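The values are calculated or read from the model by the stated rules, or taken from the named source; none is laboratory data. For clarity, every value in this text was computed on a predicted model and none was experimentally measured. Counting neighbours? That spans all protein chains shown, and the Cβs are built from the backbone with ideal geometry, glycine included. The protein model used for the area step is the full one, side chains on, heavy atoms only, and it has no ligands, DNA or RNA in it. Shrake-Rupley method; radii C 1.70, N 1.55, O 1.52, S 1.80 Å.
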Amino acid sequence: MIRRLYMTLAGAFLLAPLIVVGVVAFTSASFVSFPPPGYSLRWLTRVLADPSFMRPLANSILLGLAAACAAAILAVPAALALARRQMRHAAEIESFLLSPLSLPALILSIALLFYLSRLGLGSGFAGLFVGHTVVVLPYMLRTVLAVARGVDPALEEAAHTLGADPWRSFIHVTLPTLRPGIVAGALFAFLVSFDEVAVALLMSSVGSMTLPVAILNHVAHNYDPAIAAISLIKIVLVIAVLLALELFFGLDRLMLSRARR
Amino acid sequence: MRDSIRRLAAASVLLIALPVAGALAQDKIVVTSSGGVWLDSAKNNFATCFKERTGKDPEILVSASNEIMQRLRASPGNPPIHVAVLSEIDAIRAGQEGLLDKLTVEKVPNLKDVPEVFRKQWNDFATIQNFGAMIVMVNGEKVPNPPQDWKTLIDEVIAGKYGKRVSFPSLTMPWGPMFTWFLTTLYDGSEDVVFQKYKAMLPNMAKYWVSPVDALNMFAAKEIDILVYWDGRAYAFAEENKWAKAYIPAPGAFQSAAMLAKPKGAPELAWQYVDCVLSPKAQLGHSHTVKYPIVNSKVEYPADLKAILTPLEKVRQPDFARIIERVPNWLDRWNREIR
Amino acid sequence: MRRWTAALLIGPAVLFLVGGFVGPLTLALGESLRGGIGPYVRIFGDSYYLEVIAATLALSGTVTLAALAVGYPYALILARAQGWAKTVLLFLLVAPLLVNVVVRSFGWMVIFGRSGLVNAALDLVGLPKLDLLNSWTAIGIALVHVLLPFMVLSIAATLEDLDPALEEAAATLGARPLRRFIHIVAPLSLHGAVTGAILVFALCMGSFVTVMMMGDNRTMVLPLLVYQQLSVAGDGVFAAALGMVLLATVLAVFWLQARAVRTLTP
């Protein structure tokens, strides 16, 4: 009973402003208003046919995946080491690895632009990739660390005693127990990169422009319902991905560690 | 498991390598534009002209003045952008910092038809390509007879005649300092009076708007009845929503403009694009698309366009040198006093 | 674990951040000190800036606690859900992040505006209208809304391992729900809650677009000052100094949290 009430309220809270956006996406007017004076598909079809939105959308998906992969490769081992109690200066190292979270994105992006320009990586995908990996690394580190701290070190030791080499025990024992943290971290990393605008504003070139930059630049001088439409398209895209994951893998299996399967 | 990791690694290398290779392949003129209709105009008017003359397509980067400035500063002499559209203040700063080439009639023949007033304050390091003005939008149903001059409007807002349903631009939005300068011209140049008025209006201000979208949001959602906003968009909004009206209060409005400039170190070919932007045909096409007045004196506007464009006589060009000097102080006063 | 193994595991991440973060950070620090320590004296010698720092901390702290209170039950339900229920819960959670901040703010305006849905409902039942928009409350609600996934998923990730058999066993042995929660669920999710709190807090400390859209002249936060200095005043030096102060503040909170967690957990 309490649970149902809570879920109703939480669901309403999460969805309420989005329903407004969903409705606005179908407006027939050329300005945002609610309720819309009439309904049409003009903004959705316009956005879907517009390469200045669709190409950035593809870029953003690629960039988000690349940054999430890179963050996982770097952060998972680091989180494992930090989770061990004997680690010296663990608090300091953890704070250091989390520090990109605390520098305002506006300052980080400008500093990164000047820094990378000196290295000849000024604008284009390489700069975006480095910048976004810096930005999303802490998310992956922190979620994996949280799970790793709850994992029983005895498990890995047992594998070790049974003669498994460290690499095998990592792949077959450690990694599966960390899965919920990695999945959550990867989701954060992707979503943060997918929505990141400050670094992308200064790094993207014509070919590598990301979706949030395209949206921001559009909004700066045109206020039409195209942004509502593109938001709706993003939502539909994510629903499709979640459905595909659920159908092919099962979301709960993906998010669970091996311990419970 | 190991196989799948290897496949994942290979895939990520590909993911990264492909766009990098794409980025290296470009060897083009990069020009900037704002998004939406501005981008449409840059494609249809400016890029078309450039293609006719040179046989090449420019790359159009949609970017805002602030970001363009940072990019020019990060790579002086080797700019990633070859023709830039900047804000007035950024264009002055860029000129002073030595980031721009001077425009001359030899390099840009169409410049001869651009009156000097459109480039004097920029020392020929940039020229206005189009301009607009900040005017007043009202909800005609709630405010059928809005005051016809700025000072009366301000005093009536202070008196609470319109309740808390008014929104003026904040000093902290990019054109806020220019609006503040404009207000000082109404009150004999006195900053103190303007800040007193700002403070006195605060209780009846739904909000001093910072984001243009947010401002139009409030107006569209009928949270406010009076909004100080840009002319082009105000007229476009009023055209579609019959309850909305837009007008220029006496004695006019301040000019807000998009500046065209060629960064130092950009290839010579970039001058062709600059000249295209200023050519009569492209200028008229641009004005048609974005609904703002342009600067080439050879252009004759058709009647329908003339009706909605703010005429040059009604706009005052801000004194940018003074604004740049005063902004830090104004910003500080604004943050401390107007709250 | 031997020391060199630890170094090997942490090394790549540390090296990457030294190259990709410390480098630019040093540039920004250098920029802020270009004209001496003047900007820092200006910040710490002026009660206005100190007030803004305090307000930023207060907003972030409140939003973090609110997100924890709202998000914890959600995480419990999400971790235990299976199949389609899990898909739906996950979608609800991440959907706010997919909607552009500008249109999301418009959505809130339609709901909380004076002629909005909430006030229409209040009016219908004869209650006085509320002025919810453009206030700290509006900013807080909007931030909790969009930052909730960071709290919930962090907690849920640590609860995924919660063995239902363990709870059942405790129940069979007669442990009441509250006791079961305190002794089994809460300790397991501690690290998740800390993670969620860190992420939400840090994201809050850096957010200014939402503050700009949902607030007014009284709602000033540190990152918004940075934005003003960059976009209006064109003072990169002072902006960098403000950014460094923000960085130092958040880092101090991180370090305190890391110390506290190590002391609290046996």
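How much of the pair distance distribution for chain B lies past 26 Å, counting alpha-carbon pairs only, in percent?
On the way: 30783 of 57291 pairs.
It works out to 54 percent of all Cα pairs.
Loop only by DSSP, 10 or fewer other Cβ within 10 Å of the Cβ. Give me the chymotrypsin sites (Phe, Trp or Tyr not before Pro) in the range C:166-266 that pass, ordered by residue number.
Hits after loop and neighbour filter: nothing returned.
Over the range C:109-266, one equal point on each Cα, no solvent: what is log10 I(q)/I(0) by the Debye formula at q = 0.11, 0.17, 0.19 Å⁻¹?
Debye intensities relative to I(0), on a log10 scale: -0.70, -1.04, -1.13.
Considering only DSSP states other than H, G, I, E and B, which trypsin sites (Lys or Arg not before Pro) in the range B:32-83 qualify as loop sites with at most 16 other Cβ atoms within 10 Å?
Those that pass, being in a loop and sparsely packed, are B:Lys56.
With only alpha-carbon pairs counted, each pair once and no self-pairs, how large is the Kirkwood hydrodynamic radius of the range B:30-100 in angstroms?
In the range B:30-100 this quantity evaluates to 12.8 Å.
For the protein assembly as shown, which cysteines have no second Cys with its Cβ under 4.7 Å from theirs?
A:Cys69, C:Cys204, each lacking another Cys Cβ under 4.7 Å.
Do the sum for chain A: with -39,500 (n - 2.57) for every DSSP H run of n ≥ 4, divided by all residues, what is the mean residue ellipticity at 222 nm, to the nearest 500 deg cm²/dmol?
Rounded to the nearest 500, it is -24000 deg cm²/dmol.
Would you work out what percent of the accessible area of the protein assembly as shown, with all protein chains in place, is carbon or sulfur (probe 1.4 Å)? All intermediate terms of the calculation are to be shown ahead of the outcome.
Numbers: 21750 of 33880 Å².
The C+S portion of the solvent-accessible surface of the protein assembly as shown is 64 percent.
B:Ile158: net charge of surrounding residues, Cβ under 13 Å, Lys/Arg +1, Asp/Glu -1, itself excluded? Walk me through the numbers before you get to the answer.
On the way: positive: B:Lys151, B:Lys161, B:Lys164, B:Lys197, B:Lys199; negative: B:Asp155, B:Glu156.
Neighbourhood net charge equals +3.
What accessible area, summed over both chains, is buried at the B-C interface (1.4 Å probe, Å², nearest 100)?
Counting protein atoms only, the buried area is about 2600 Å².
Show log10 I(q)/I(0) for the range C:16-124 at q = 0.09, 0.18, 0.20 Å⁻¹, two decimals, from a solvent-free Debye sum over equal Cα scatterers.
For the range C:16-124 at q = 0.09, 0.18, 0.20 Å⁻¹, log10 I(q)/I(0) is -0.55, -1.11, -1.14.
What is the sum of charges around A:Gly207, taking Lys and Arg as +1, Asp and Glu as -1, for the other residues whose C-beta is under 12 Å from the C-beta of A:Gly207?
Taking every Cβ under 12 Å from that of A:Gly207, the sum is +1.
So how exposed is A:Phe34, as accessible area in Å² (1.4 Å probe, rounded to 10)?
70 Å²
Over all directions, average the projected area of the Cα convex hull of chain C and note it in nm².
The Cα convex hull of chain C, projected and averaged over all directions, gives 20.5 nm².
Rounding to the nearest 20 debye, state how big the charge dipole of the protein assembly as shown is about its Cα centre with +1 on each Lys and Arg Cβ and -1 on each Asp and Glu Cβ.
Dipole size: approximately 1500 debye.
Between B:Ala126 and residues 5 or more places away or on another chain, which pairs have amide H atoms under 5 Å apart, with H built 1.01 Å from N, and which residues are they?
Amide H neighbours of B:Ala126, under 5 Å, 5+ apart: B:Leu103.
Taking amide H positions as placed in the peptide plane 1.01 Å from N, state which residues far from B:Gln255 in sequence (5 or more) or on other chains have amide H under 5 Å from it.
Sorted by chain and number, the residues that satisfy this are B:Arg316, B:Gln317.
May I ask you to order A:16-26, B:127-137, B:233-243 by the average number of other C-beta atoms within 10 Å around their residues, highest value first?
Ranking, from highest mean packing down: B:127-137, A:16-26, B:233-243.
What whole-number value in Å² describes the accessible area per residue of the range B:39-187 for a 1.4 Å probe?
Values: 5350 Å² over 149 residues.
For the range B:39-187, the solvent-accessible area averages 36 Å² per residue.
Before we go on, tell me the buried accessible area for the B/A pair, both chains summed, 1.4 Å probe, in Å² to the nearest 100.
Protein heavy atoms only, the B-A interface buries about 3200 Å².
Please calculate how many Å² of accessible area chain C carries per residue, with a 1.4 Å probe and no DNA, RNA or ligand atoms counted.
Details: 10620 Å² over 266 residues.
Normalised by residue count, the accessible surface of chain C is 40 Å².
Mind checking the dipole of the range B:72-218: about its Cα centre, +1 per Lys or Arg Cβ, -1 per Asp or Glu Cβ, Debye to the nearest 20?
Roughly 360 debye for the range B:72-218.
What is the interface area between chains A and C, defined as buried accessible area summed over both chains with a 1.4 Å probe, reported in Å² to the nearest 100? Let's see the in-between values first.
Values: alone 15620 and 15970 Å², together 23350 Å².
So the buried area, both faces added, is about 8200 Å².
What number in nm² do you get for the protein assembly as shown if you take the convex hull of its Cα atoms and divide its surface by four?
If you wrap the Cα atoms of the protein assembly as shown in a convex hull and average its projections, you get 37.3 nm².
How many percent of all Cα-Cα pairs in chain A sit more than 34 Å apart? Could you put the intermediate results ahead of the total?
Working: 10914 of 33930 pairs.
Counting every Cα pair in chain A, those more than 34 Å apart make up 32 percent.
Across the range C:242-256, in residue order, what do the Karplus-derived ³J(HN,Hα) couplings come to in whole Hz, using 6.51 cos²θ - 1.76 cosθ + 1.60 with θ = phi - 60° and x for Gly and Pro?
Taking θ as phi minus 60°, the curve returns 4, x, 5, 5, 4, 4, 4, 4, 5, 4, 4, 5, 4, 5, 4 Hz for the range C:242-256.
What are the residues whose amide H is under 5 Å from the amide H of B:Tyr208, where those residues sit 5 or more places off or on another chain and H is modelled from the backbone?
Sorted by chain and number, the residues that satisfy this are C:Asn217.
Given +1 on the Cβ of Lys and Arg, -1 on the Cβ of Asp and Glu, and no further charges, what dipole in debye does chain C carry about its Cα centre, rounded to the nearest 20?
420 debye
Tally Lys/Arg at +1 and Asp/Glu at -1 over every other residue whose Cβ is under 13 Å from the Cβ of B:Gln317; what's the total?
+1
Apply the Karplus curve 6.51 cos²θ - 1.76 cosθ + 1.60, θ = phi - 60°, to the phi angles in the range B:43-57 and return the couplings in whole Hz, x for Gly and Pro.
5, 6, 9, 6, 5, 4, 4, 4, 5, 4, 7, 10, x, 10, 9
Using helices alone, I'd like the mean residue ellipticity at 222 nm for chain B: each DSSP H run of four-plus residues gives -39500 (n - 2.57), total over residue count, nearest 500.
Details: 14 runs with 148 residues, N = 339.
Mean residue ellipticity at 222 nm (helix-derived): -13000 deg cm²/dmol.
Can you give the average number of partner chain beta-carbon atoms within 10 Å of each beta-carbon in peptide A:125-132, as a whole number? It would help to have the intermediate numbers written out before the result.
Values: counts 10, 5, 1, 2, 4, 5, 3, 0.
The per-residue average across the peptide is 4.
Label C:Ala7 and C:Asp46 with points 7 Å out from Cα along Cα→Cβ: what is the distance between them in nm?
About 4.7 nm, to one decimal.
Can you find, among A:Leu242, A:Leu145, B:Ser170, the residue sitting farthest towards the positive end of the charge dipole of the protein assembly as shown, where Lys and Arg contribute +1 and Asp and Glu -1 at Cβ?
Of A:Leu242, A:Leu145, B:Ser170, it is A:Leu145.
Rg to Rh for the range C:68-161: what is it, with Cα atoms only and Rh by Kirkwood?
Ratio value, two decimals: 1.07.
Quick one: compute the contact order of chain A, relative version, from alpha carbon pairs under 8 angstrom and 6+ residues apart, as a percent. Don't jump to the answer; show the numbers that get you there.
Numbers: 298 pairs, mean separation 76.7, N = 261.
Computed value for chain A: 29 percent relative contact order.
Using every alpha carbon pair in the range C:194-250, what percent of pairs falls into each 5 Å bin from 0 up to the bin containing the largest distance?
Reading the bins upward from 0: 4, 19, 25, 24, 18, 7, 3, 1.
Just to compare against my own numbers: the Cα pair-distance distribution for the range B:191-339, 5 Å bins, whole % per bin, please.
2, 7, 12, 15, 17, 16, 13, 9, 6, 3, 0
Give the total of Lys-Lys pairs in the range B:123-226 with Cα-Cα distances below 23 Å; include a pair only if its members are 8 or more places apart or on different chains.
So the count of such lysine pairs works out to 21.
Farthest toward the dipole's positive end in the protein assembly as shown, which of A:Thr27, C:Val70, B:Ile154, given Cβ charges of +1 (Lys, Arg) and -1 (Asp, Glu) about the Cα centre?
It is C:Val70.
Looking only at chain B, where both bridge partners belong to it, what percent of the DSSP beta bridges are antiparallel (to the nearest 5)?
Of all bridge pairs located within chain B, approximately 65 percent are antiparallel.
Step through the residues of the range C:228-233 one at a time and calculate ³J(HN,Hα) from phi using the Karplus curve (6.51 cos²θ - 1.76 cosθ + 1.60, θ = phi - 60°), rounding each to whole Hz and writing x for Gly and Pro.
3J(HN,Hα) across the range C:228-233, in whole Hz: 4, 4, 6, 8, 9, 7.
Give B:Lys107/B:Lys264; B:Lys56/B:Lys298; B:Lys28/B:Lys56; B:Lys28/B:Lys51; B:Lys56/B:Lys102; B:Lys262/B:Lys291 a once-over and call out the pairs whose C-alpha atoms are over 19 Å from each other.
Distance filter (> 19 Å) returns B:Lys56/B:Lys298; B:Lys56/B:Lys102; B:Lys262/B:Lys291.
Residues of C:229-241, mean number of Cβ from any other protein chain within 10 Å of their own Cβ, rounded to a whole number?
Neighbouring Cβ atoms belonging to other protein chains average 5 per residue here.
Give me the one-decimal nm value for the distance between modelled label points at A:Leu237 and B:Glu191, 7 Å along each residue's Cα-to-Cβ direction.
Result: 4.7 nm between the two label points.
Out of the DSSP beta bridges found with both residues in the protein assembly as shown, what percent are antiparallel (nearest 5)?
65 percent
Sticking to Cα atoms, compute the Rg of the range A:1-146 to one decimal and its Dmax as the biggest Cα-Cα distance, whole number, in Å.
Radius of gyration, then largest Cα-Cα span, for the range A:1-146: 21.6, 65 Å.
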